[in-house]
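Reviewing the structure listed below.
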Amino acid sequence: MLLRRLALFTFIPRYIYVSAFDLQATNNVALYWGQNSARKPTSTISPTYLILTPTKPELTPQPPLKSYCTRPEIDIIILSFIATLYSAEKIPILNHVTEQCSPTNTPGGQVVCPELAMEIEYCRGLGKKVLVSLGGATAGYEIGSEVEAVNAANQVWNTYLGGAKDGTIRPFGEVELDGIDLDLESPSGQEGLYWPIFIETIRSLYQTQPGRNGKTDYLISASPQCVYPDVILSPALRDKRSWFDMLFIQFYNNICAPTNPTSFNFNEWAEWARSSSLNPNVKLFIGSPASPAAAPSGGFTPLETLLEISSESMEDCEAARVFWNSGASGTNSTSSGYNPFGGIAFWDASWTSAEYTAATKAGLTGSWERVKARNQFFKRQEFESKQAEGEAESAAERGKSRGTSSTGARASRRRHTIRRRHRHRR
């Protein structure tokens, strides 16, 4: 029943989707992958993809990364997590719940994942962006000084991105990922004073040092809590301090989830994008759990409601865009086509089905088509209104220079014709 309602809501067939990633799109779908949070207890997803029924308390294998990349509607995969920055060197240790990685006999227990590396290359070959997320709900990745921030950034660059020509153990070997995501939840309630230095160092590295295969288009994202501003990330978010390409905002486990309409605050984040983001074209995603069990502290939003909220946020951003580009003071947008709404990010992949993510893509795509159609209509109305005013003013000026006896009559007839044309259009 839910998917039937969504089909009526979107009118977008699945087969139209292509896999080429567009950072400026408003209908991107992102999945966190790696923690297999649906594994305990084993669960069955109901036909509505909203009710999960525990069946037996057993571990189940994590579906392979490749199985999600074959879905044409998926645009971004976020590998979770780099859960530890080991020792003073801040070696970034990967923690995946997967049998595709094996520990090495090295300090910190770094893993190597040759099979997973091949699947990452497969996904990137389909046009997907594959990031790795640093952080998570457990402690172990904190940085407490400028030196540690620089060390951590260099280690991440060498271990997962474009560096490491010095023998560093790389979990994915020669395969380099598309960027780094920061899901910073520890230490709770404390500002992350040194994360801006980490971000600046990462950005400096990829701007000055081409990747292992000449790659230069790395991405930096973050997954802040929806309460604005996120405490840990606040030093990086404020005053155009740090560069972010995307934010996957966690609108769950917090009061500002879409299930609390009076507290839902996407508009606050859109205002941050307008006035305080260093990147004038940063994209904002609504982060949502893909099932009630994926967010034990609450905030699960049924897909139909989530798509309605996304449509409203997308439309609000598009309406505000006209103001942002009108020369108002404080504007941060350099592109007349920029809309900060980016899409939806789900925690996590193990709770989703292909039908669920396809319905998500269809809903976002349909919403954007309607927003564009309305925007074009209003832009055309505004243009014609200004054109009519300009013609009337020109006629009046001609009347002043040539005398008003006959020219004034022509101007009057012209203005009447404009009004009559608008009446006819309505």
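The values are calculated or read from the model by the stated rules, or taken from the named source; none is laboratory data. Just so it is clear, the structure is predicted and the values come from calculations on it, not from any experiment. Glycine also receives a Cβ, built like all others from the backbone with ideal geometry; neighbour counts cover every protein chain displayed.
Remarks
Every residue, every condition in (1) without any contact (Cβ under 8 Å) to a residue 60 or more places away in the chain; (2) touching a helix residue (DSSP H, G or I) at 6+ places or on another chain (Cβ under 6 Å); (3) closer than 21 Å to Thr352 by Cβ, yes or no:
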| position | (1), (2), (3) |
| --- | --- |
| Phe251 | yes, no, yes |
| Ala257 | yes, no, yes |
| Ser263 | yes, no, no |
| Ala270 | no, yes, no |
| Leu278 | yes, yes, no |
| Pro289 | no, no, yes |
| Phe300 | yes, yes, yes |
| Leu303 | no, no, yes |
| Ile309 | yes, no, yes |
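- Here Leu3 fulfils each of the conditions (1) at pLDDT 50 or above; (2) in a helix (DSSP H, G or I); (3) farther than 23 Å from Tyr122 by Cα apart from (1).
- Test result for Gly337, out of contact with any strand residue (DSSP E or B) (no Cβ under 6 Å at 6 or more places or on another chain), at pLDDT 95 or above, farther than 30 Å from Thr98 by Cα and in the same structural domain as Lys283 (by TED's automatic domain parsing): no
- Qualifying residue in the range 121-135 (condition: surrounded by fewer than 18 Cβ atoms within 10 Å (Cβ to Cβ), over 18 Å from Val175 (Cβ atoms) and in contact with a strand residue (DSSP E or B) (Cβ under 8 Å, 6 or more places away or on another chain)): no
- When Leu161, Leu193, Leu182 are checked against the criterion of being modelled with pLDDT of 95 or more and within 18 Å of Asp348 (Cβ to Cβ), Leu182 stands alone in meeting it.
- Test: residue in the range 83-90 that is over 15 Å from Ala38 (Cβ atoms), of a type in the set (Phe, Trp, Tyr) and surrounded by 15 or more Cβ atoms within 10 Å (Cβ to Cβ): yes
- Unmet criterion (only one of (1) within 27 Å of Trp195 (Cβ to Cβ); (2) of a type outside the set (Asp, Glu); (3) without any contact (Cβ under 8 Å) to a residue 12 or more places away in the chain) for Asn105: (1)
- Met118 passes every criterion in (1) under 29 Å from Ser67 (Cα atoms); (2) surrounded by fewer than 20 Cβ atoms within 10 Å (Cβ to Cβ); (3) under 21 Å from the mean Cα position of the chain (by Cα) apart from (3).
- Within the range 199-245, considering residues that are among the acidic types (Asp, Glu) and part of a loop (DSSP other than H, G, I, E, B), the one modelled with the lowest pLDDT: Asp217
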